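For reference, the structure is listed below as structure tokens.
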Amino acid sequence: MTTRRAMASEYLEWAKLCSAAKYNLATSGIMGYPLAELAVKAEELEINGPTAYGWSPLTERLARLCGTTPECVVEAAGTAMANHLAMAVLIDPGDDVLVEEPTYGPMVEVASYLGGNILRFARREENEWQIEPEEVQRRITAKTRLICLTNLHNPTGALTDEATLERVGEMARKVGARVLVDEVYLPMVYGQKVRSSFLLGETFVVTTSLTKAYGLSGLRCGWILAEPELAHRMWRLNDLFAASAVNVGRQLSVVALDALEKIDARARRILDANRASQNNFFEARKDLGGFRSRWGTVTFPKLLRGSVDAFCDFLRERYETSVVPGRFFERPDHFRMGMGGDVAMTAEGLKRLGAALDEFGASQA
Ligand SMILES: Cc1ncc(COP(=O)(O)O)c(C=O)c1O
């Protein structure tokens, strides 16, 4: 049986057209960092700049941030393009591509678009959405060329530890596959040392950006970490995609990277405050089940009674509040909440979410 390759992302269409609300608990990133707070001098920006492979002021900073060297860094427009470019080099049509389930939709859709034969390994809520190496082992095949996962996990925020990643890496090596780890949420593990999985060896390819953890989405500063020969192939393939970068974007990214400590401290303050509100919210709820991550911006509760899609419509229409229906993450009885937004807006959104759950629950009785 042949299945048609993906040509679009239902989730991204929904996110762009339907997720906005006065009280937005649907977004997964830290609220936007204002340009006015970056020490940017307009006269230092230039429209045109170098067009060779990698701009060293940027690649050197990114390499330092990740504990590697610039030859391993490939610039890309956000993690979105980083995933596409990395997969385009790593997947040939007909290859088996093993992707975690649930996951961020485009991980599957990009692999499918590139002609990959998609296989899945399950993460289970009963096991706090952790990766179970035995499950990966059950699903891996001799034709598997790529294993894809997110760390922190989208939609649940679960953190995968190094020992588990190493075991997945070993299984991949045995069949000649690589492991692609999307680490766009990983910087939001605070107060605990976590390294990029790229540092675990050449089997690992990592994608990330300044988008989610720092509120800098509009810069589209994404990148791939890959061993130098692979990185070189990605740069060359990128000549068929974006060819060259937005120079002002690169320059602003360098300014942001030099101020990253301050930007990170702001993100942490927002998340700490919102997490405290969210913990209080969950304590009072008997109608929501599921695992709660300590890290990142997203959490993925299960609605214990009633239809999540009906509840999400009700929440938006009556309470001007949005969350993401779990059907976009292959779990239609869950919904995803984000906590990277403005602190007062998030607190009010949670109040409204609670009132909506009360009213919706009463109507289900
Ligand atoms: C796991 C994951 N990867 C990539 C992206 C896209 O990130 P970026 O804005 O860096 O392109 C998202 C956005 O929601 C995401 O959740």
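Within 11 Å of the ligand (Cβ to nearest atom) and either in contact with a Gly (Cβ under 8 Å, 6 or more places away or on another chain) or at pLDDT 95 or above (or both): is that true of Ala86 in this structure?
Taking the combined requirement at face value, the residue does not satisfy it.
Determine whether Leu45 is in contact with a helix residue (DSSP H, G or I) (Cβ under 8 Å, 6 or more places away or on another chain), hydrophobic (A, V, I, L, M, F, W, C) and surrounded by fewer than 17 Cβ atoms within 10 Å (Cβ to Cβ).
yes
Could you count how many residues in segment 176-193 are more than 23 Å from Leu85 (Cβ to Cβ) and at pLDDT 95 or above?
Residues that pass the stated criteria total 2.
Residue under question is Ile147, and the condition is that it be away from the ligand (no atom under 16 Å from the Cβ) and assigned to a strand (DSSP E or B); does it hold?
no
Identify all residues within segment 203-253 that are in contact (Cβ under 8 Å) with a residue 40 or more places away in the chain, away from the ligand (no atom under 15 Å from the Cβ) and among the hydroxyl-bearing types (Ser, Thr, Tyr); write none if there are none.
Within segment 203-253, Ser244 is the sole residue that qualifies.
Which ranges mark the helices (runs of 4 or more DSSP H) fully within segment 194-288 that have 3 or more residues being crowded, with 16+ Cβ neighbours inside 10 Å and of a type in the set (S, T, N, Q)? Please lay out each step first, then the result.
On the way: elements: 211-214, 228-238, 247-258, 260-283.
The qualifying helices (runs of 4 or more DSSP H) are 247-258, 260-283.
So which residues in segment 175-190 are surrounded by 23 or more Cβ atoms within 10 Å (Cβ to Cβ) and either in a strand (DSSP E or B) or touching a Phe, Trp or Tyr at 6+ places or on another chain (Cβ under 7 Å) (or both)?
Arg178, Val179, Leu180, Val181, Asp182, Met188
Tell me which residues, restricted to segment 289-303, are among the hydrophobic types (A, V, I, L, M, F, W, C) and either over 24 Å from Leu357 (Cα atoms) or outside any loop (DSSP other than H, G, I, E, B) (or both).
Residues satisfying the conditions are Trp295, Val298, Leu303.
Sort through Phe198, Phe241 and tell me the only one that's touching a His at 6+ places or on another chain (Cβ under 8 Å) and not aliphatic (A, V, I, L, M).
Within the list Phe198, Phe241, the selection yields Phe241.
The values are calculated or read from the model by the stated rules, or taken from the named source; none is laboratory data. Keep in mind that what you see is a predicted model, and the values were worked out from it rather than measured. Positions of Cβ are generated from backbone atoms using ideal geometry, with glycine treated the same way; all protein chains shown enter the neighbour counts.
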